[in-house]
Amino acid sequence: MDRRVRKTQTAIQTAFFQLLKKQDIERVKVSEICELADINRGTFYLNYLDKYDLLEKMIQQSIQELVTYCQTETAETDNLLIKTFQFIVENQETYRMLIASDKHGLFTDYLKQHILTFTATNDQAQTTEAIFIANGIVGVLNHYLSSREASIESLYEIKPIIERFQLPSNLAKY
């Protein structure tokens, strides 16, 4: 990607993020994003269809950063679940904003899909268990990110639960 395009997209995403901290996505206007990012509307629409497309791209980027982090880090630790939680805690402001703004559940859908891709198996029983676990992991993460009262410890409490299932070896490492 061209450096100027990357710089413009970063400015747009930063402006959008700042606006989402103050107001709900329905109240954010493209003109406000453009003003804050110091670009014109035409430049915005060269990069995104609308503010919802921008949100979806930010969600995809955040999930990809999480996946990349976990893939590089797990080679050493062999504990993907803990690394996932650590990364989300370290970036919780971003993930909280994405969950709060995501009225269509794209974040949770993308995250579940990545977990299921990681745990892919041909065994139907194990696939059903993997779907169950993926939904549980995403549910606990959603609860943690949506609730100010949820503690980091609540994230770590699900690891022994996951270990009780006879799952594919790659999910048990998760």
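Please verify whether Leu66 is surrounded by 13 or more Cβ atoms within 10 Å (Cβ to Cβ), over 19 Å from Arg6 (Cα atoms) and not β-branched (Val, Ile, Thr), treating the condition exactly as stated.
yes
Which condition does Leu80 not pass, out of (1) in the same structural domain as Asn142 (by TED's automatic domain parsing); (2) crowded, with 18+ Cβ neighbours inside 10 Å; (3) of a type in the set (A, V, I, L, M); (4) out of contact with any Cys (no Cβ under 6 Å at 6 or more places or on another chain), if it passes all the others?
Here Leu80 clears every test but (4).
Counting only residues that are aliphatic (A, V, I, L, M) and free of Cβ contacts under 8 Å to residues at least 60 places away in the same chain, which one in segment 19-31 is farthest from Gly105 (Cα to Cα)?
Applying the filter and picking the extreme gives Val30.
Table: residues versus (1) part of a helix (DSSP H, G or I); (2) surrounded by fewer than 19 Cβ atoms within 10 Å (Cβ to Cβ); (3) of a type in the set (Phe, Trp, Tyr); (4) in contact (Cβ under 8 Å) with a residue 24 or more places away in the chain.
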{"site": "Ala11", "(1), (2), (3), (4)": "yes, yes, no, yes"}
{"site": "Phe17", "(1), (2), (3), (4)": "yes, yes, yes, yes"}
{"site": "Ile33", "(1), (2), (3), (4)": "yes, no, no, no"}
{"site": "Thr43", "(1), (2), (3), (4)": "yes, yes, no, yes"}
{"site": "Leu46", "(1), (2), (3), (4)": "yes, yes, no, no"}
{"site": "Asp53", "(1), (2), (3), (4)": "yes, yes, no, no"}
{"site": "Cys70", "(1), (2), (3), (4)": "yes, no, no, no"}
{"site": "Phe85", "(1), (2), (3), (4)": "yes, no, yes, yes"}
{"site": "Ile88", "(1), (2), (3), (4)": "yes, no, no, yes"}
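Can you say whether Thr121 is out of contact with any Asp or Glu (no Cβ under 6 Å at 6 or more places or on another chain) and either modelled with pLDDT under 70 or within 18 Å of Cys70 (Cβ to Cβ) (or both), as far as the supplied structure shows?
Yes.
Residues of segment 145-158 being in contact (Cβ under 8 Å) with a residue 24 or more places away in the chain and within 20 Å of Ala100 (Cα to Cα), which ones?
Leu145, Ser146, Ile152, Leu155
Tell me which of these Lys103 doesn't satisfy, since it passes every other one: (1) out of contact with any Leu (no Cβ under 7 Å at 6 or more places or on another chain); (2) at pLDDT below 85; (3) surrounded by 17 or more Cβ atoms within 10 Å (Cβ to Cβ).
With respect to (1) out of contact with any Leu (no Cβ under 7 Å at 6 or more places or on another chain); (2) at pLDDT below 85; (3) surrounded by 17 or more Cβ atoms within 10 Å (Cβ to Cβ), Lys103 is out only on (3).
The values are calculated or read from the model by the stated rules, or taken from the named source; none is laboratory data. Small disclaimer: the values here were computed from a predicted structure and weren't measured. Reconstructed Cβ throughout: ideal geometry from the backbone, glycine too, with neighbour counts over all protein chains shown.
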